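To start, the structure under review is shown below, and the notes come after it.
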């Protein structure tokens, strides 16, 4: 997420928003956003309802063996259609901003044809 | 009496087996530096920095053990060298189990929205309590959604 923040202006230049979703509370997110200088919204899905709806739930691996989100990244176009999905096979390996940026550019190019 | 005296003198003269100590420190550091290297994507995606450090530590420990067991009259470290090596191996086994097994236990997410499907709608509060809907994020050119494990 820090790498996405670093290249935030490149997303803004393309007219693309970034939003991050986890089970963290609004309070934790506020502190985290301030500490890390995140300028995109950190959305609080405390009961993991949205995480479940996207089927990116990781059961029982939270601090109290609760359910949390697994790392996953999506690019959703202006019509609400998914154009890129990144489902890692290793929790430590996350999507890089350049992957998302090239997916955004490919979507844009495809629409023009 | 004479023999004991001589043994004592030999013992005093035995050299400090530094590769054992350095190897042990490097091997321990290879595991405990995980948090540090995890800050950078290149060293987080694959823990090669930790593996390299452990390799150096293991090589030094081996040199130290060869000295201690090969020329025990000259070098110290038969006992503590073995203990160092055992602790290092145990820690490394734990590290390998975590990074090559536990971190790869990710759910399949077979029902996650696929390319071409509509992204499920949602409304959630952001860090200042304001409600944000997926629809708010899509104009003008869509949104990148990042699901993450969280800080709890």
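Which whole number of Å³ per residue matches the convex hull of the alpha-carbon atoms in region B:47-152?
Expressed per residue, the convex hull around the Cα atoms of region B:47-152 is 182 Å³.
From the mean inverse distance of alpha carbon pairs (Kirkwood) and the Cα radius of gyration, derive Rg over Rh for region A:1-62.
Rounded to two decimals, Rg over Rh is 1.01.
So, in nm, how far is label residue B:118 from label residue B:14 when the simple model puts each one 7 Å beyond its Cα toward the Cβ?
7.8 nm
By how many nm would the segment from residue A:9 to residue A:65 lengthen if fully extended, with 0.36 nm per residue of separation less the alpha-carbon distance? Don't jump to the answer; show the numbers that get you there.
Working: separation 56, 0.36 × 56 = 20.16 nm, distance 3.71 nm.
In short, 16.5 nm is gained.
Once the Cα atoms of helix A:26-36 and of chain A are each reduced to a long axis, what angle between those two axes, in degrees from 0 to 90 to the nearest 10, is obtained?
Approximately 60 degrees, to the nearest ten.
Semi-axes of the equivalent ellipsoid for the protein assembly as shown, please: Cα gyration tensor eigenvalues, times 5, square-rooted, ordered largest first, whole Å. Show your work: numbers first, answer last.
Working: eigenvalues 569, 64, 48 Å².
Whole-Å semi-axes of the equivalent ellipsoid: 53, 18, 16.
Under the Kirkwood approximation applied to all pairs of distinct alpha-carbon atoms, what is the hydrodynamic radius of region A:2-112 in Å?
Numbers: mean 1/r = 0.0660 Å⁻¹.
Hydrodynamic radius (Kirkwood, Cα pairs) of region A:2-112 is 15.2 Å.
Along each principal axis of its Cα atoms, how long is region B:2-104 end to end? Whole angstroms, biggest number first, please.
Sorted largest first, the three principal extents are 63, 20, 17 Å.
Connecting C-alpha atoms closer than 10 Å in a GNM of chain B, tell me which of B:102, B:63, B:132 has the biggest fluctuation.
Largest GNM mean-square fluctuation: B:132.
Going by alpha carbons, how many degrees (0 to 90, nearest 10) lie between the helix axis of A:97-112 and the longest principal axis of chain A?
Approximately 40 degrees, to the nearest ten.
Given the options A:81, A:39, A:12, state which has the largest fluctuation in a GNM of chain A using a 10 Å cut-off (strictly under) for Cα springs.
Maximum fluctuation in the GNM of chain A, among the listed residues, is at A:81.
For chain B, modelled as a GNM with alpha-carbon contacts under 10 angstrom, which of B:41, B:113, B:19 fluctuates the most?
Ranking B:41, B:113, B:19 by mean-square fluctuation puts B:113 first.
For chain B, take the longest principal axis of its alpha carbons; what is the angle in degrees between that and the long axis of helix B:2-13, to the nearest 10 within 0 to 90?
The answer is roughly 30 degrees.
To the nearest µm²/s, what D does Stokes-Einstein give for region A:62-113 at 10 °C and 1.306 mPa s, using the Kirkwood radius over alpha carbon pairs as Rh? Please list the in-between numbers first.
Working: Rh = 12.7 Å.
Translational diffusion coefficient: 125 µm²/s.
With N residues in region B:110-152, what two-decimal value do you get for its Cα radius of gyration over 2.2 N^0.38 Å?
So the Cα radius of gyration is 1.33 times the expected 2.2 N^0.38 Å.
Nearest 500 deg cm²/dmol is fine: what mean residue ellipticity at 222 nm does the protein assembly as shown get from its DSSP H runs of n ≥ 4 alone, each adding -39,500 (n - 2.57), divided by its residue count?
After summing the helix terms and dividing by the residues of the protein assembly as shown, the value is -14500 deg cm²/dmol.
All of the numbers you see were taken from the coordinates with simple rules; none came from a lab. Just so you know, these numbers come straight off a predicted model, no measurement behind them. Using ideal geometry, Cβ is built from the backbone for each residue, glycine included, and neighbour counts are taken over all protein chains shown.
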